[in-house]
Amino acid sequence: MNEKPKECETPNTFVCEDYEIEEEPQLCEIDKSKTYKGLVGIYVDESKITFIDGEKGKLYYRGYSLENLVNNSSFEEVAYLLIYGNLPSKAQLSNFKDELIKERTIPYDVISILKSYPRNTTRIELLRTSVSALSLYDPDDYVFTEEANIRKGIRIIAKIPTVLALSHRIQSNLPVIEPSEELSHSCNYYYMMTGKIPSEEFKKFFDKILTCHADHSINSSTFSCRVTISTLSDIYSGITSAIGTLRGPLHGGANERVIRYMLEEIRKKENVIPWVQEKLTNKEKIMGFGHRVYKAWDPRAKILREISKNLWSDVEHVEKIPDTNHKREHESIDNIFEMTELLADYMIKTKGIYPNVDLYSAGALHALGIPNALYTPLFAASRSAGWVAHAIEQFSDNKLIRPRLRYIGELDKDYINIDNR
Ligand code: COA
């Protein structure tokens with residue numbers, strides 16, 4: 001792993017020695033006569049942040065397995081690990097948490113802008129626009145040392161939950177909630193969104209969900225972030241690019257679509273199979289399934305499956321899900337975890353396509369009472385830790401990312417004057 005490509009005997013071909021994914025023959029084989037649409041299987045750089053073993057379904061942050069971190073670390077510890085490369089000591093963690101708490105507030109001007117935006121705007125658009133605006137108020141805006149970039153990165157991670165919660169409450173005509181200085185990162189985020197301080201059990205689940213989304217190597221949004229940074233632009237621009245990329249339904253937008261089809265289209269267990277059969281017949285993609293790198297179980301989906309199972313098997317809890325739609329409709333909607341299981345079983349057995357992180361996060365977030373409009377933004381709140389780590393890594397050993405496009409249009413066409421066209 002991480003070796004430079006070796007030149008092969010066939011001209012124009014380079015091979016990296018790394019794991020191979022079955023049925024992905026192009027992985028690491030660069031042939032200049034081919035076009036690698038979607039950059040499938042192409043390494044664009046080297047990284048020490050995250051390793052995904054797509055074949056075995058394993059994920060490591062800085063060498064630690066995701067399962068280990070989910071079971072033992074808080075989100076703050078994981079964010080520290082991603083940015084600095086090592087697990088913090090008690091004192092380092094305490095300082096890091098204090099910095100995050102100190103940076104939770106956002107400038108009054110940005111709150112005013114949030115209030116002025118049109119209603120019915122998606123929260124992810126509001127976040128994208130606000131992160132861009134926040135750079136103007138950052139005291140280090142024009143300082144580009146690594147220390148300043150880390151300070152800016154910490155501010156971004158700290159402020160994203162505040163922007164999201166505030167913008168959601170403004171859009172929903174609810175009173176805004178100031179950040180608390182007493183609560184952990186995830187509890188404060190939950191509190192600002194819902195107005196409730198989570199129970200110990202909720203806190204544990206919510207922290208694990210954030211940890212599962214914290215990084216995923218060079219996924220599309222991280223790639224966007226690194227491309228922007230590679231021009232030696234600033235970290236706010238990198239993260240604004242990343243948020244725009246995350247918004248798409250093929251990336252972070254999938255979890256919102258999963259909950260929508262569960263609540264609005266499927267609703268009952270007996271509808272699961274006919275629904276999926278119809279979608280597949282119409283050649284539609286089923287959101288929450290498939291992955292560019294994992295060809296087996298996504299390890300994050302396994303963890304979220306357990307969380308969702310736990311939450312949905314507590315009948316008393318399900319009765320009280322703090323969501324207005326659910327209150328109104330829960331009698332006519334079956335247990336979401338059970339419907340998800342039927343869907344997953346069908347997709348694996350008939351198509352060999354496995355659930356990804358979004359399938360189970362949708363049910364888990366719904367059971368935690370997170371408003372549906374905040375599912376994709378929640379992904380951004382958590383992934384901001386990874387984006388910051390990648391921005392710092394890109395700055396530290398930069399090479400402008402500028403691939404080629406194979407031109408397939410015409411050349412040397414006769415120019416016709418506008419009067420004669
Ligand atoms: N539902 C139905 N079929 C799917 C599928 C899904 N979710 N994901 C992949 N497939 C099928 C494709 O139709 C294609 O079949 P074909 O070869 O017969 O045409 C094959 O599997 C390969 O899919 P492709 O889209 O080319 O793979 P990719 O690596 O480009 O795409 C995703 C990966 C994630 C974009 C894709 O799986 C997808 O669109 N999933 C749904 C969106 C989603 O959940 N995104 C969150 C990702 S974490």
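The values are calculated or read from the model by the stated rules, or taken from the named source; none is laboratory data. Bear in mind that the values here come from a model prediction, so they are computed numbers and not experimental data. Because the Cβ atoms are built from the backbone with ideal geometry, glycine has one as well, and the counts that use them run over all protein chains shown. Protein only, heavy atoms only, side chains kept; ligands, DNA and RNA dropped before computing areas. Shrake-Rupley method; radii C 1.70, N 1.55, O 1.52, S 1.80 Å.
Condition check: of a type outside the set (Gly, Ala, Ser) and at pLDDT 85 or above. Does Asp45 satisfy that? Yes; evaluated as a whole, the condition is true for this residue.
Being of a type in the set (Lys, Arg), in contact (Cβ under 8 Å) with a residue 60 or more places away in the chain and under 21 Å from Phe379 (Cα atoms) is a property that Lys159 lacks. When Asn255 is tested against (1) of a type in the set (S, T, N, Q); (2) crowded, with 24+ Cβ neighbours inside 10 Å; (3) over 15 Å from the mean Cα position of the chain (by Cα), just one condition goes unmet, and that condition is (3). The condition of being more than 26 Å from Val70 (Cβ to Cβ) and not charged (D, E, K, R) does not hold for Gly288. Scanning segment 349-369 for residues that are of a type in the set (Val, Ile, Thr) and either buried (at least 23 other Cβ atoms within 10 Å of the Cβ) or touching an Asp or Glu at 6+ places or on another chain (Cβ under 7 Å) (or both) turns up just one, Val357. Scanning segment 297-319 for residues that are part of a loop (DSSP other than H, G, I, E, B) and open to solvent by less than 30 Å² (accessible area, probe 1.4 Å) yields one hit, Asp298. Residues in segment 230-240 that are part of a helix (DSSP H, G or I) and surrounded by fewer than 22 Cβ atoms within 10 Å (Cβ to Cβ): Ser230, Ser237.
Say we look at segment 329-352 and pick out the residues that are over 30 Å from Glu125 (Cβ atoms) and assigned to a loop (DSSP other than H, G, I, E, B); which of these is nearest to the ligand (Cβ to nearest atom)? Across segment 329-352, the extreme among qualifying residues is Gly352.
If the condition is being within 18 Å of Ile336 (Cβ to Cβ), away from the ligand (no atom under 11 Å from the Cβ) and touching a helix residue (DSSP H, G or I) at 6+ places or on another chain (Cβ under 9 Å), then segment 269-286 contributes Lys269, Asn271, Val272, Ile273, Trp275. Would you confirm whether any residue within segment 248-255 is touching a strand residue (DSSP E or B) at 6+ places or on another chain (Cβ under 8 Å) and near the ligand (Cβ under 9 Å from one of its atoms)? Within segment 248-255, none of the residues are touching a strand residue (DSSP E or B) at 6+ places or on another chain (Cβ under 8 Å) and near the ligand (Cβ under 9 Å from one of its atoms). Residues of segment 241-264 that are outside any loop (DSSP other than H, G, I, E, B) and in contact with a helix residue (DSSP H, G or I) (Cβ under 6 Å, 6 or more places away or on another chain): Ser241, Ala242, Ile243, Gly244, Thr245, Leu246, Ala254, Asn255, Glu256, Val258, Ile259, Met262. Can you confirm whether segment 207-224 contains a residue that is touching a Cys at 6+ places or on another chain (Cβ under 7 Å), in a helix (DSSP H, G or I) and within 30 Å of Ser396 (Cα to Cα)? No, because not a single residue in segment 207-224 is touching a Cys at 6+ places or on another chain (Cβ under 7 Å), in a helix (DSSP H, G or I) and within 30 Å of Ser396 (Cα to Cα).
Hey, does segment 219-229 have a residue that's surrounded by fewer than 20 Cβ atoms within 10 Å (Cβ to Cβ) and either within 16 Å of the ligand (Cβ to nearest atom) or touching a residue at least 12 places away in the same chain (Cβ under 8 Å) (or both)? Within segment 219-229 (the criterion being surrounded by fewer than 20 Cβ atoms within 10 Å (Cβ to Cβ) and either within 16 Å of the ligand (Cβ to nearest atom) or touching a residue at least 12 places away in the same chain (Cβ under 8 Å) (or both)), the answer is yes, since at least one residue qualifies. Kindly indicate the residue of segment 376-421 that is within 30 Å of Ile157 (Cβ to Cβ) and surrounded by fewer than 14 Cβ atoms within 10 Å (Cβ to Cβ) and also modelled with the lowest pLDDT among those meeting that condition. Ranking the qualifying residues of segment 376-421, first place goes to Pro403.
Results for (1) loosely packed, with under 15 Cβ neighbours inside 10 Å; (2) touching a residue at least 12 places away in the same chain (Cβ under 8 Å); (3) over 19 Å from the mean Cα position of the chain (by Cα), shown as yes or no for each residue.
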site	(1), (2), (3)
Thr35	yes, yes, yes
Thr50	no, yes, no
Lys56	yes, yes, yes
Leu66	no, yes, no
Leu82	no, yes, no
Gln92	yes, yes, yes
Glu99	no, yes, yes
Arg104	no, yes, yes
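If the condition is being β-branched (Val, Ile, Thr), closer than 24 Å to Leu66 by Cβ and either modelled with pLDDT under 95 or open to solvent by 20 Å² or more (accessible area, probe 1.4 Å) (or both), then segment 168-217 contributes no residue at all. Scanning segment 353-388 for residues that are more than 27 Å from Ala296 (Cα to Cα) and part of a helix (DSSP H, G or I) yields Asn372, Ala373, Leu374, Val388.
If you go through segment 30-89 and keep only what is small (Gly, Ala, Ser) and touching a Ser or Thr at 6+ places or on another chain (Cβ under 8 Å), you end up with Ser47, Ser73, Ser74. Look at (1) touching a residue at least 60 places away in the same chain (Cβ under 8 Å); (2) within 28 Å of Pro299 (Cβ to Cβ); (3) over 17 Å from the mean Cα position of the chain (by Cα) and you find that Leu400 fails only one, number (2).
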